[in-house]
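Colleague: Here's a structure for you.
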Amino acid sequence: MRYGEVIGKIWATQKDKQLGGLKLYVIQPLDESQKSIGRPLIAVDTINASDGDRVFWVTGGEATLAFKNRRIPSDATIVGFVDRLDV
Amino acid sequence: MELARVEGTVVSTVKADSLRGRKLLLVNLLGPDTTPTDNYLVAIDSVGAGVGEVVLIVRGSSARQTESLGKVPTDSSIIAIIDSIELKGKIVFEK
């Protein structure tokens, strides 16, 4: 998984059926001192995150498995909030 | 996922059987504020995207997880046409 911050949102009405009802966020990967590292990406939200939240997300084929009963066409899915980083 | 702009249509008559009947588009990957990265992909379109539109690309094995693409040899698929993008509270793109 990877760590980062929600920095934006995208809207798309015309999309793959399996993305129906799912929110798509823009995420900025961060390092342990909250510095931005690398390019932002788009991820499916499954935990009701919002702008500014620190989250972690699963990438690659496993990102399709975030929901128990169905697979989704995603290569980046947010799966948890980060309350605190002890470094 | 990544954003991309559809730059053209890839016409291919001689191709793998499993790609038959699939629409192939040439896309330019974009940053979140739609600045082009000039990193191009050939992507299978499953949502009816047109040239010039900003779309959402899924890559790797996830690209086959759309309903119609289960057994198709693709590692990049267009799964949405973007209506608008908001970054840090500001709308940076609107269709």
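Yes/no matrix, rows are residues, columns are (1) touching a residue at least 60 places away in the same chain (Cβ under 8 Å); (2) in contact with a strand residue (DSSP E or B) (Cβ under 6 Å, 6 or more places away or on another chain); (3) within 9 Å of chain B (Cβ to nearest Cβ):
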site: A:17; (1), (2), (3): no, no, yes
site: A:20; (1), (2), (3): no, no, no
site: A:37; (1), (2), (3): no, yes, no
site: A:63; (1), (2), (3): no, yes, yes
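Colleague: Against the condition more than 15 Å from residue B:62 (Cβ to Cβ) and without any contact (Cβ under 8 Å) to a residue 40 or more places away in the chain, how does residue A:9 come out, does it pass?
Modeller: no
Colleague: Next up: Out of A:72, A:27, I need the residue that is in a strand (DSSP E or B), surrounded by 17 or more Cβ atoms within 10 Å (Cβ to Cβ) and not basic (Lys, Arg). Which one?
Modeller: Values: A:72 fails: in a strand (DSSP E or B).
On inspection, the qualifying residue turns out to be A:27.
Colleague: Conditions first: (1) aliphatic (A, V, I, L, M); (2) surrounded by fewer than 16 Cβ atoms within 10 Å (Cβ to Cβ); (3) under 9 Å from the mean Cα position of the chain (by Cα). Residue A:82 passes all but one, so which condition is the exception?
Modeller: Result: residue A:82 passes all but (3).
Colleague: Answer with yes or no whether residue A:4 is more than 22 Å from residue B:88 (Cβ to Cβ), in contact with a strand residue (DSSP E or B) (Cβ under 7 Å, 6 or more places away or on another chain) and not aromatic (Phe, Trp, Tyr).
Modeller: Details: more than 22 Å from residue B:88 (Cβ to Cβ): no; in contact with a strand residue (DSSP E or B) (Cβ under 7 Å, 6 or more places away or on another chain): yes; not aromatic (Phe, Trp, Tyr): yes.
The answer is no for residue A:4.
Colleague: From (1) within 7 Å of chain B (Cβ to nearest Cβ); (2) not in a helix (DSSP H, G or I), pick out the condition that doesn't hold for residue A:47.
Modeller: Going through the list (1) within 7 Å of chain B (Cβ to nearest Cβ); (2) not in a helix (DSSP H, G or I), residue A:47 breaks only (1).
Colleague: Restricting the first residue to segment A:22-33 and requiring it to be touching a residue at least 40 places away in the same chain (Cβ under 8 Å), which pairs with a second residue that is aromatic (Phe, Trp, Tyr) meet a Cβ separation below 8 Å and a spacing of at least six or different chains?
Modeller: Filtered contacts from segment A:22-33: A:27/A:57.
Colleague: May I pose another question? So which of B:69, B:19, B:25, B:29 ends up being farther than 23 Å from residue A:28 by Cα, modelled with pLDDT of 95 or more and of a type in the set (A, V, I, L, M, F, W, C)?
Modeller: Working: B:69 fails: modelled with pLDDT of 95 or more; B:19 fails: modelled with pLDDT of 95 or more; B:29 fails: farther than 23 Å from residue A:28 by Cα.
Exactly one residue qualifies, and that residue is B:25.
Colleague: Which of the strands (runs of 3 or more DSSP E) contained wholly in segment B:16-95 include at least 1 residues that are in contact (Cβ under 8 Å) with a residue 12 or more places away in the chain and within 7 Å of chain A (Cβ to nearest Cβ)?
Modeller: Details: elements: B:23-30, B:36-45, B:54-59, B:76-81, B:84-87, B:90-94.
Where strands (runs of 3 or more DSSP E) fall fully within segment B:16-95 and carry at least 1 residues being in contact (Cβ under 8 Å) with a residue 12 or more places away in the chain and within 7 Å of chain A (Cβ to nearest Cβ), they are B:54-59, B:76-81, B:84-87.
Colleague: Here are some residues: A:62, A:5. Which one is surrounded by 15 or more Cβ atoms within 10 Å (Cβ to Cβ), modelled with pLDDT under 95 and acidic (Asp, Glu)? Talk me through it step by step, then tell me what you get.
Modeller: Values: A:5 fails: modelled with pLDDT under 95.
Just a single option satisfies the conditions, and that option is A:62.
The values are calculated or read from the model by the stated rules, or taken from the named source; none is laboratory data. What you see is a predicted model, and the numbers here were worked out from it, not measured in a lab. Positions of Cβ are backbone-derived with ideal geometry, glycine not excepted, and every protein chain shown enters the neighbour counts.
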